Amino acid sequence: MRHWDEWNEKKTFTVDEMDLKFVRLVMDIQYQCQKYFFGGYAQAYFDNMMRDQLSSRQRASKYDMAYQQLPEEFTPSDLAKKYGITDNAAYATLSRLTRDGFITRIKKGLFKKLKKNLI
């Protein structure tokens, strides 16, 4: 109200140091209120974001770990031992790994890994 007369005469008013202190006080009050009421929400948001990133990370399955343990060149019986499957099931696995581009057949009964892991 201390600028009322000036506003009515000129439709403007001059800002002095007291006005700036008042604006700073109002802004500090607003900031502290937001921090108090919404700070918990923001902290929970960032905590959940970090948790989601950690939980969405791919982990190696037993299947992937068995592939990594295979030597660079291996036989179907080597694969069957590492995977813990029968020799007949090993041929299905070899077919799938060949089709997906992870291994290649060098000669009959001998395969070579093309990639280090399946992930």
Do we have any residue at all in the stretch 1-10 that's on the phi < 0 side of the Ramachandran plot, modelled with pLDDT of 85 or more and either aliphatic (A, V, I, L, M) or surrounded by 11 or more Cβ atoms within 10 Å (Cβ to Cβ) (or both)?
-> yes
Members of the stretch 78-119 that are hydrophobic (A, V, I, L, M, F, W, C) and under 15 Å from residue 68 (Cα atoms) = 79, 80, 94, 97, 102, 103, 111, 114, 118, 119
On the given criteria, is residue 111 outside any helix (DSSP H, G or I), surrounded by 10 or more Cβ atoms within 10 Å (Cβ to Cβ) and touching a His at 6+ places or on another chain (Cβ under 6 Å)?
-> no
Matching residues in the stretch 32-71 - criterion: being closer than 30 Å to residue 115 by Cα, aliphatic (A, V, I, L, M) and modelled with pLDDT under 85 = 54, 60
In the set 98, 104, which member is at pLDDT 85 or above, β-branched (Val, Ile, Thr) and surrounded by 14 or more Cβ atoms within 10 Å (Cβ to Cβ)?
-> 98
When both residues are 6+ apart or on different chains and their Cβ atoms are under 7 Å apart, which pairs have a first residue that lies in the stretch 85-99 and is under 17 Å from residue 116 (Cα atoms), and a second that is loosely packed, with under 15 Cβ neighbours inside 10 Å and not β-branched (Val, Ile, Thr)?
-> 98/105
Kindly list the number of the only condition in (1) outside any loop (DSSP other than H, G, I, E, B); (2) more than 30 Å from residue 108 (Cβ to Cβ); (3) charged (D, E, K, R) that fails for residue 64.
-> (2)
Residue among 118, 79 that is assigned to a helix (DSSP H, G or I), aliphatic (A, V, I, L, M), in contact (Cβ under 8 Å) with a residue 12 or more places away in the chain and at negative phi = 79
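The values are calculated or read from the model by the stated rules, or taken from the named source; none is laboratory data. Quantities reported herein were computed from a predicted structural model and do not represent experimental measurements. Here Cβ is always computed from backbone atoms with ideal geometry, including for glycine, and neighbour counts include all displayed protein chains.
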